[in-house]
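Just so it is clear, none of the values below were taken in a lab; they were calculated from the coordinates. These numbers come from a predicted model, not from an experiment. Reconstructed Cβ throughout: ideal geometry from the backbone, glycine too, with neighbour counts over all protein chains shown.
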Amino acid sequence: MNCANAKGLLRIIQSIPSPKAKPFKLWLAQVGSDRLDEIENPELATQRSRDIYKLKGYPDDWIEKRMRSIAIREELTGEWKNRGVREQKNYAILTAEISKATLV
């Protein structure tokens, strides 16, 4: 059985000449455009995350805590990077240690 990853499947869909594929192609183009906008303005990605959590039914206070925890984690991992942590394994070890300290 031949399989394709997500990128490969999207490329296959882009190449389908059928008019029935047009709505999906338009959606793909919109998603791509949105992601390029988010690269230019990361706040758009943050707002998209908030909107997705809201659509899933999470309460506003949970969403705010989640967004804060993401920002704190990014700040923390940035500091680790500045202090010389380079390997993914080291990030996992540091994260596990913080979790243990928090939960014990």
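Which residues, taken from region 42-80, are assigned to a loop (DSSP other than H, G, I, E, B) and exposed (fewer than 11 other Cβ atoms within 10 Å of the Cβ)?
Of everything in region 42-80, those that are assigned to a loop (DSSP other than H, G, I, E, B) and exposed (fewer than 11 other Cβ atoms within 10 Å of the Cβ) turn out to be 56, 57, 59.
Which residues, counting only those in region 81-92, are loosely packed, with under 12 Cβ neighbours inside 10 Å and not basic (Lys, Arg)?
Scanning region 81-92 gives 82, 84, 87, 88, 92.
Taking the condition within 26 Å of residue 67 (Cβ to Cβ) and assigned to a helix (DSSP H, G or I), does residue 13 pass?
Criteria not met by residue 13.
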